[in-house]
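The structure under discussion appears below in the form of C-alpha cells.
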C-alpha cells in the first residue's frame, strides 16, 4: 500500500475513534428506555409556573409540556402525604403541582436534576414502577415511571431539591416501558 493510502487510513481510523468517543461521552446517551420524546420536550422553551406551598396553591400541569417550576423552601411546603424519602430539610427546596390525566396508563415524570418525586392520590403515595437517571445529564436527569389513574385529581410532590427551580415533563408511555 502506498504511503498516502496509509496516511488516509490512519486519519480515517482516528476520526472514527474520536466520533465514537464523543458519542459515548454524552451523559444522556445511557438511558435504556426510548427517551427521545422527553429529550425533545427538554429542548423546548419551558412554561414557567410557581410550585404550590399547599394543595390550594398548586398549579395544574398537563402532559407533553416542559415546565420550569419555581420551588419554595421545603420547610414552607405542606405536603399532601409525607414524602416517600426523608431528605434533609436544611436548604432543600420543594413544591407541589396538580395533575388530572385524561386516561389511566403508564406515565413518566422526567426532571432535570436530582430530587425526590412522589405522586399522591386520595392522601396515599402511588408507588413508582421503575426509574432511570443519568449523572451529568439535565435533559432529563431522572425519569420515574408510574401507573396513574385517569380522571382523578393527583398531587405531584417534589422534595429534597438543591436549587430553587426544577424543569419537568409528564409523558404517557405508549410502548413497552422497557423501550
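The values are calculated or read from the model by the stated rules, or taken from the named source; none is laboratory data. Remember, predicted model here, so these are calculated numbers, not experimental data. Using ideal geometry, Cβ is built from the backbone for each residue, glycine included, and neighbour counts are taken over all protein chains shown.
Among the criteria (1) in contact with a helix residue (DSSP H, G or I) (Cβ under 8 Å, 6 or more places away or on another chain); (2) under 15 Å from residue 71 (Cα atoms); (3) at pLDDT 95 or above, the one residue 165 does not fulfil is (1). The set of residues from the range 109-128 being surrounded by 23 or more Cβ atoms within 10 Å (Cβ to Cβ) and at pLDDT below 95 comprises just one member, 115.
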